[in-house]
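Colleague: Have a look at the structure that comes next, please.
Please treat every number below as a calculation from the coordinates, not as lab data. Since the model is a prediction, treat every value here as computed from it, not as a measurement. Please note: Cβ atoms are built from the backbone with ideal geometry, for glycine as well, and neighbour counts cover all protein chains shown.
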Ligand code: CTP
């Protein structure tokens, strides 16, 4: 169940006899390496104690909306931002009705309102309650708002009756939840992503670099793969703990020139280029072959400009739908729009860095960020959220902008075909020689 690995699942448990089955759901989620946080309604605690779910999830169970201690640790808004998906299992008839009305009179109801991530309900109730027109109308309304319904199953019920209203089997629920992350929006496309910093050698033991962690680029690689794309990641030196799914082909490079070379070599295969790397703009003119010894009080290091990978590759491969990043400390919009023009790309993803980034925005090294996207004739703000979630939202937007660009004929795919023929010919020529 790779798609649930490292996903943040907010599991809401409401008052139903099936509440005890949430234990099995939590166990399976943890087996799939998901991070689980549980929110229980008052009704749920009448059936099972929070301690059970605390032990199973490995995290404290959240219960109250206005609890000073809980709000100080992870408040309801933070919890809403934390989640990648909200699953309410079991979802009682009463909870479904409250959700339909938009009630925020308890923690779970407030979280569902405060979050914009996918929301899935796994109803569990007496078959007559499920069939009742009131419940059916509520379910239809929620469906029309984009809420996902998992189940219910049919069969014998705890009350002895037989019919529809049983909680979906935990293994089927987990499969359905994993499918939420498989959007398919990039099926058939190849996406080339640059990530992380580059390092420019001064001597064998020293280099010039920057604070980029590579987390955003790696999150984008995962999100694009989940959206059905074939993904090639060209990564600068990042922490070894940063991982992408096995199906993402990863090429490791160190310098800007190496990153350029690999990106150029692979551009003919790709449909979309996302340049998330924080490329060092300059490199030492000469990298000393021996360690530089300290001899003088001060020293000069002469630097020369590195090539602009994004601008170069976009110029050489204009069929690539290209997305650049802009990390700024001032005049975010001005600089982002300038980069959109200067680099000739389709989209710029801007974010504040350094002193300009607030603590909650994170940026370098942090797990969270906030982004502002610019394209010709449009812009969109994505508020503070995990990089994983932002990456998924970004991928959805890139996929739709890419479709628009293809449909309007703005990207010339024929040029790529010509380039592929040239590449094939030069390979066969090389082989003959
Ligand atoms: N970029 C690149 N090659 C470079 C420099 C930047 O491909 N030599 C790409 C980055 O990956 C990013 C975008 O260009 O997608 C903008 O990078 P940024 O560092 O914000 O801007 P620069 O173009 O380097 O301009 P400046 O440093 O002056 O803001």
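Colleague: Which one, 344, 324, 409, has the greatest fluctuation when you compute a Gaussian network model over the chain with C-alpha springs under 10 angstrom?
Modeller: Highest fluctuation of the listed residues: 409.
Colleague: Is it possible to state the helix-based mean residue ellipticity at 222 nm for the chain, with each DSSP H run of 4+ residues giving -39500 (n - 2.57), the sum divided by total residues, to the nearest 500 deg cm²/dmol? What is it? Display every interim value, and only then the final one.
Modeller: On the way: 16 runs with 164 residues, N = 433.
Per the formula, -11000 deg cm²/dmol.
Colleague: Could you work out the percent of alpha carbon pairs in the chain separated by over 36 Å, rounded to a whole number? Could you put the intermediate results ahead of the total?
Modeller: On the way: 35801 of 93528 pairs.
Cα-Cα pairs in the chain separated by more than 36 Å: 38 percent.
Colleague: So what are segment 26-114's ellipsoid semi-axes, whole angstrom, largest first, if each one is the square root of 5 times an eigenvalue of the alpha-carbon gyration tensor?
Modeller: Working: eigenvalues 74, 50, 38 Å².
Value: 19, 16, 14 Å, ordered largest first.
Colleague: If each residue of separation counts as 0.36 nm, what is the full-extension length gain between residue 137 and residue 403 once their alpha-carbon separation is subtracted?
Modeller: Numbers: separation 266, 0.36 × 266 = 95.76 nm, distance 3.57 nm.
My answer for the length gained is 92.2 nm.
Colleague: Could you tell me how many degrees, from 0 to 90 and to the nearest 10, lie between the Cα long axis of helix 170-180 and the main elongation axis, the longest principal axis, of the Cα atoms of the chain?
Modeller: 40
Colleague: With equal scatterers on the alpha carbons only and no solvent term, can you work out the Debye log10 of I(q)/I(0) for segment 285-352 at 0.12, 0.16, 0.23, 0.27 1/Å?
Modeller: Log-scaled intensity ratios, in q order: -0.52, -0.69, -0.95, -1.18.
Colleague: Label points 7 Å out from Cα along the Cβ direction at residue 68 and residue 5: separation in nm?
Modeller: Result: 4.4 nm between the two label points.
Colleague: With springs only between Cα atoms under 10 Å apart, run a GNM on the chain and tell me which of 87, 56, 101 wobbles the most.
Modeller: 101
Colleague: Also: Comparing 204, 245, 237, which has the greatest mean-square fluctuation in the GNM of the chain with Cα pairs linked when under 10 Å apart?
Modeller: 204
Colleague: Let me ask something else about it. What residues from segment 188-212 fall in the zone where the backbone N is under 19 Å from a label point 7 Å along the Cα-to-C-beta line of residue 419?
Modeller: 188-195, by backbone N distance to the label point.
Colleague: For the chain, take the longest principal axis of its alpha carbons; what is the angle in degrees between that and the long axis of helix 256-266, to the nearest 10 within 0 to 90?
Modeller: Orientation of helix 256-266: about 70 degrees from the principal axis.
Colleague: Measure off 7 Å from each Cα along the Cα-to-Cβ vector at residue 179 and residue 240, then give the distance between these two points in nanometres to one decimal.
Modeller: 4.0
Colleague: Now, a different point. Please state, as a whole number in µm²/s, the translational diffusion coefficient that the Stokes-Einstein equation yields for segment 2-179 at 4 °C and 1.567 mPa s, with Rh defined as the Kirkwood radius across alpha carbon pairs. Write out the running numbers ahead of the final one.
Modeller: Working: Rh = 16.0 Å.
The diffusion coefficient I find is 81 µm²/s.
Colleague: Would you mind checking the tilt of helix 133-144 against the longest principal axis of the Cα atoms of the chain, expressed as 0 to 90 degrees and rounded to 10?
Modeller: Once rounded, the angle reads 0 degrees.
Colleague: Starting from the Cα of residue 282, step 7 Å toward the Cβ, then list every residue of segment 223-264 with an amide N under 13 Å from that point.
Modeller: none
Colleague: Taking 7 Å along the Cα-to-C-beta vector as the label spot, tell me the residue 24-residue 296 distance in nanometres, rounded to one decimal.
Modeller: Result for the modelled spin labels: 7.5 nm.
Colleague: May I ask you to compute the full-extension gain from residue 379 to residue 210, defined as 0.36 nm times their residue separation minus their alpha-carbon distance, rounded to one decimal in nm?
Modeller: On the way: separation 169, 0.36 × 169 = 60.84 nm, distance 2.78 nm.
Extra length from residue 379 to residue 210 when fully extended: 58.1 nm.
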